Amino acid sequence: MTKIRPAIGSLIFLLVAPGLVAGVIPWLLTGWHLSHYLVLAQLAGAAIVVVGVAVLLASFARFVFEGRGTPAPAAPTERLVLGGFYRYVRNPMYLAVGATIIGQAIALGRPVLLAYFVMFAIAVTAFVYGYEEPTLRDRYGEQYDEYRRAVPGWLPRRTPWQPPQH
């Protein structure tokens with residue numbers, strides 16, 4: 001598969017999935033209206049959003065260039081993605097989207113987004129344990145099991161994991 005197809009597929013999936021979850025739904029819940037409170041909190045929230053989006057975009061790029069596929073279940077990668085943020089935590093995309101939602105809640109001063117984050121976290125956790133991990137285990141076998149044993153799912157390692165050379 002050339003990189004153009006995974007790049008286009010990943011871009012479409014980025015717009016549809018995280019774009020909806022961390023963009024459209026928070027906008028529908030808040031209209032991006034700011035509460036009147038500390039400017040420092042607004043800046044801190046905005047910084048969290050920026051970091052979340054940066055991690056998300058870097059992780060999506062990994063799927064194209066390292067995995068030769070997309071994060072979408074309909075067009076999976078040819079290879080297991082083990083580089084970049086995936087060396088620290090198995091779920092950097094979900095953590096990035098969650099951080100983006102929390103950052104928006106802080107920046108906008110809108111507690112409804114914190115409640116939305118809790119629903120997002122429950123749904124993502126159910127998806128990861130009910131579908132994603134069993135699917136990755138079936139697709140990549142021992143390589144995924146080894147990765148899963150070495151890299152935590154939700155709390156990043158302090159040091160990057162080094163995949164063994166096979």
- Message: I'd like to know if region 70-89 contains one or more residues that are free of Cβ contacts under 8 Å to residues at least 12 places away in the same chain and exposed (fewer than 14 other Cβ atoms within 10 Å of the Cβ).
- Response: yes
- Residues of region 133-152 being in contact (Cβ under 8 Å) with a residue 40 or more places away in the chain, surrounded by fewer than 20 Cβ atoms within 10 Å (Cβ to Cβ) and part of a helix (DSSP H, G or I), in sequence order, are T135, R139, Y140, Q143, Y144, Y147, R148
- Any idea which of V118, V124, V97 is in a helix (DSSP H, G or I) and over 12 Å from the mean Cα position of the chain (by Cα)? V118
- Can we say P18 is surrounded by 14 or more Cβ atoms within 10 Å (Cβ to Cβ), touching a helix residue (DSSP H, G or I) at 6+ places or on another chain (Cβ under 7 Å) and either closer than 20 Å to T100 by Cβ or hydroxyl-bearing (S, T, Y) (or both)? yes
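Where a number appears in this text, it was derived from the coordinates with a stated rule and is not lab data. Just so it is clear, the model here is predicted, and its values are computed rather than measured. Please note: Cβ atoms are built from the backbone with ideal geometry, for glycine as well, and neighbour counts cover all protein chains shown.
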